[in-house]
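For reference, the structure discussed in these notes is given below.
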Amino acid sequence: MFSATGQTRVLKALLVASSAMAPLYGAVSAKAQTAVQATVFDIPAQPLRASLNAFASQAGLRIAYPAALASGRTAPALRGAYGNAEALRALLSGTGLSFSISPSGTVTIADRVSSAHDGPVSADGSMVLDVIEVTGGLGGTSVYAPYETPAATAHIDESTIEKYRGSDPADIFRGTPGVTSANARNGAGSIDMNIRGVQGMGRVATTVDGAMNGVEVQQDYQGYSNRTFVDPDFLGGIDITRGSDAASNGVAGTVAMRTIDATDIVEEGKRFGFRVKGGFGTNSSKPTPGAVGGYQLPGSRWSAPVAIPSPDGMDRPALLEPTNGYGSAVAAYHDETYDFLLGYAYRKRGNYHAGENGPAARPYLAGPKRICNSWDWCEDWPEYVEVGGIANFRPGEEVLNTELETRSAIAKGTIRFGDGQSMKLGYTGFRSEAGDQIAWRMQTDRDRPIQRDQTSGTSVDTYTARYRWQPEGSDLIDFTANAWLSDMEFRQPWSRGGRMVPNPPQFGLPMDFRTGSDVFMWGIDVGNKSRLSTQYGDVTLDYGLSYTDQRTAPSAYTTELTGPYVPHGNKKEFAAFVKADWKPLDWLTVDGGLRYSYYKTEDDRPDAPSARYKNAGTRSDGGLSPSIGLTFEPFENTQIYGRYSYALRSPSIIESVSGGLIVSTVANIESERASNWDFGINHTREGVFSANDRAMVKLGYFDWTINNYVSPQEGRTPEGYWTSLMVNLDKAKFSGIELSGRYENAGFAAELSANYYTNVEFCPKDTGCANKTLYQDLATNQVPPEYMISLSLSQKLLEERLTLGGRVTHMGPRAAGHSKIGITGAGQLISLIKWEPFTLVDVFAEYKFTDNLTGTFRVENLTDAFYVDPLGTMQRPGPGRTFYASMTAKF
């Protein structure tokens with residue numbers, strides 16, 4: 001922790017001072033109190049259905065109406081502060097439709113002339129309505145937004161997170177086209193985002209409530225895992241953009257997660273709200289330190305050709321036997337002036353068990369075989385024992401070092417005061433203890449798992465402050481200012497997987513002492529949106545400034561115990577951007593953006609005795625990132641778009657300072673330049689097979705070329721030492737097709753998503769491009785499946801109290817091959833983790849016992865498949881069939 005630095009104390013003091021000032025704004029005038037009862041809307045002129053979705057999102061309301069009512073109707077633009085009823089009257093003007101708002105806050109829309117004409121009637125004479133539910137709060141995006149946005153976007157709403165949250169946070173992203181969270185089974189409860197095959201080192205901008213929290217954890221000879229932490233119980237939604245944006249520093253895209261707000265908890269018409277969740281899961285066992293798994297395989301040609309199974313790990317619990325649990329409680333207050341929210345979550349799980357159906361270890365005698373190890377030394381075995389699977393785990397076996405225990409807290413407060421101004425302050429805390437094993441110890445299908453006697457610990461504290469000013473009736477001012485701070489500590493057992501290091505007692509430390517890294521990050525950004533109406537069309541401007549500062553350092557005694565492997569440095573980055581949308585014609589929109597960014601890194605490590613770790617000094621660079629796009633709307637509810645961007649990514653701390661077992665930065669590297677093309681089409685149609693159904697589709701193609709792609713490669717220092725250097729490849733290339741579709745009819749919903757990579761290539765400067773990764777490149781285990789397809793189905797029954805559903809996801813083979821060792825005598829510094837195509841089936845049932853009490857039952861991996869996730873850094877299978885049950889009370 002950087003508590004000793006003056007910078008830390010000043011920033012925390014500023015945020016605390018902001019919190020202390022909030023009550024001062026309570027003494028607003030009666031006129032201001034009246035003004036804040038309205039909601040500030042920003043809804044463009046568009047089809048009525050899209051406008052109603054936007055209204056529900058921004059007002060935080062539930063809307064019910066027959067889908068046919070909105071068909072063929074449009075709504076005018078609505079911008080400014082309005083009461084809910086006033087806003088609805090404006091949107092529905094000229095449509096012949098009426099509305100009512102129930103005491104619980106549900107908005108019902110009907111035809112003034114004949115409601116029965118637009119919707120079916122039930123036996124009791126009431127109209128059967130399609131229901132749209134959109135949660136208010138920051139962002140407020142709905143599941144329909146990607147189909148109405150002319151860009152490669154995706155949204156994961158709170159309901160989907162709850163139904164398909166999986167065993168680890170990484171599972172939340174399964175089934176999202178072009179998006180995967182890596183290291184799903186060895187991430188200590190984190191996410192590690194990969195978009196379209198691009199991952200790590202800041203290429204994907206991942207935020208929680210606008211704040212970054214991320215740490216690169218070294219995996220010895222398997223590279224790094226990039227970790228961002230958030231508790232799924234506190235997630236209100238996730239917005240994903242594939243591709244660069246002038247307002248973001250993510251050249252591959254952005255993953256913006258928002259946590260729940262008071263409006264997610266407090267029901268419409270009430271001031272106080274409470275939500276309590278509790279549940280249990282199955283398919284896990286309490287860890288036993290020192291336990292071994294899989295098979296002991298022959299270690300040499302002279303060993304007996306026998307595979308000896310471990311006596312541990314095969315006592316898998318019964319399907320419905322509770323073996324882990326979780327719970328959370330959130331309380332909130334909401335009125336026209338103030339919001340407050342407090343919450344706490346806890347979960348604990350032992351080691352999960354692998355599935356029983358698939359390529360698990362089943363050793364067999366393969367006869368004579370010539371075996372060559374990674375150092376080009378070969379020998380002939382008279383009888384070789386093959387593993388017979390993709391990992392050294394037996395069917396249904398306990399997967400060692402997968403236990404996880406987390407504690408999380410959240411606190412938020414918002415004050416709205418005169419003239420459209422508001423201030424929101426927030427805090428999130430995350431603590432975890434996880435069976436986090438160094439990937440180097442499980443990098444092949446022959447490595448044998450051993451249960452560690454210590455877990456790894458993570459501590460994250462994040463503070464946010466957000467100010468907004470949007471005066472009523474003003475098209476020129478929509479101003480925001482944000483400040484955030486993240487303080488992270490990561491600790492792991494000092495014995496790095498058997499490496500010979502001094503004993504902690506030599507430094508007066510206990511044997512259970514843990515080493516690690518401290519990461520301190522903070523940032524500020526300001527921006528404004530202006531809307532101009534001209535005789536040549538409407539223009540929207542979005543412009544702003546941002547600054548981020550990140551410091552990474554080894555924790556106490558880490559360098560002494562493990563060597564100079566944790567980077568020690570600082571990176572500062574400044575950026576300014578402007579984006580413009582111009583609509584010269586009703587069917588044409590032209591958009592463009594320009595971003596300027598400048599970075600500076602400083603290596604804070606003293607020169608080590610080894611010449612491999614000389615201080616890299618100070619580095620700096622800057623440049624412009626332009627973008628341009630066109631959107632055509634030739635027909636109603638149809639968008640055809642194309643966009644080009646040329647984005648700059650500055651080197652991360654890992655890439656630009658000394659340190660790391662496989663990374664030594666003694667050569668200059670240039671910033672990456674991503675040349676990105678995106679094309680797509682959105683189409684929505686109502687009345688496809690019946691009068692009240694609707695379907696929507698989003699189809700896109702992308703072609704990316706990342707010039708100066710940064711990669712570790714073998715080389716020599718000026719002193720002649722062989723080492724691994726960060727270098728610039730000529731380029732890396734990625735292209736593919738992405739598809740999303742949704743269909744709804746009378747309580748039935750189907751959602752299809754798929755992607756297919758047409759090309760993945762890596763291009764060293766001296767050998768040209770090839771459809772394979774380089775043997776020493778971090779991208780070795782970042783290449784996604786060649787294709788993915790996912791289908792989700794759900795049906796509401798029993799007057800919509802019961803919802804039944806499920807999802808089938810199929811992952812294909814790796815989209816690129818892998819190069820052999822490049823130089824004689826070199827080892828495979830980053831081993832390729834193998835997986836085979838697999839299919840997972842998840843099902844759920846959700847029942848509303850009362851309006852305030854809901855039960856959720858789900859089964860993950862229904863077919864009990866044995867599989868290894870893609871994009872992992874270790875050969876470890878995912879969890880087998882697991883049953884979860886939970887209850888949610890909201891009142």
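Numbers below:
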quantity	calculated
Surface/4 estimate of mean projected area, convex hull on alpha-carbon atoms of the chain, nm²	37.3 nm²
Spatially proximal aspartates and glutamates relative to LYS424 (Cα-Cα < 18 Å; intrachain offsets below 8 disregarded)	ASP209, ASP261, ASP264, ASP335, GLU336, ASP339, ASP461, ASP478, ASP525
Ranked PHE99, PHE891, criterion: other C-beta atoms within 10 Å, fewest first	PHE891, PHE99
Greater than 28 Å apart at Cα, pairs in LYS579/LYS600; LYS571/LYS772; LYS270/LYS412	LYS571/LYS772
Förster radius 35 Å - calculated FRET efficiency between ARG801 and ARG362, Cβ distance, rounded to 0.05	0.15
Residue order, fewest to most surrounding Cβ atoms within 10 angstrom, among TRP704, TRP469	TRP469, TRP704
Between segment 175-221 and segment 296-374, the alpha-carbon center distance in angstrom	20 Å
Residues of type aspartates and glutamates that LYS614 reaches as a straight line, Cα spacing below 15 Å, ignoring anything fewer than 8 places off in the same chain	GLU602, ASP603, ASP604, GLU655, GLU719
Förster radius 60 Å - calculated FRET efficiency between PHE574 and ILE101 (Cβ-Cβ, nearest 0.05)	0.80
Label-to-label distance, nm, for residues given as ALA318 and TYR701 (7 Å Cα→Cβ offset)	5.6 nm
All aspartates and glutamates inside 12 Å of LYS369 as judged from Cα atoms, apart from same-chain residues fewer than 8 positions distant	GLU379, ASP380, GLU383, GLU386
Estimated FRET transfer efficiency (THR850, ASP419; beta-carbon r; R0 35 Å; 0.05)	0.25
Helical segments meeting 18 Å axial Cα length and Kyte-Doolittle -0.5 threshold in the chain (DSSP H)	6-21
Over 21 Å between alpha carbons, listed pairs LYS163/LYS890; LYS163/LYS834; LYS572/LYS731	LYS163/LYS834; LYS572/LYS731
Two-site label geometry, ALA749 and GLU336: point separation in nm, points 7 Å out along Cα→Cβ	3.3 nm
Cβ charges +1 (Lys, Arg) and -1 (Asp, Glu), total dipole of the chain, debye	820 debye
Relative contact order for segment 766-873, counting Cα pairs under 8 Å that sit 6 or more residues apart, in percent	29 percent
Relative contact order of the chain, pairs being alpha-carbon contacts under 8 Å that are 6 or more residues apart, as %	12 percent
Which of MET696, MET193 has the fewest Cβ neighbours within 10 Å, and the rest in rising order	MET696, MET193
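We did not get these values from a lab; they are worked out from the coordinates using the rules stated. Bear in mind that the values here come from a model prediction, so they are computed numbers and not experimental data. When we count neighbours, we look across all protein chains shown, and the Cβ atoms used for this are built from the backbone with ideal geometry, even at glycine.
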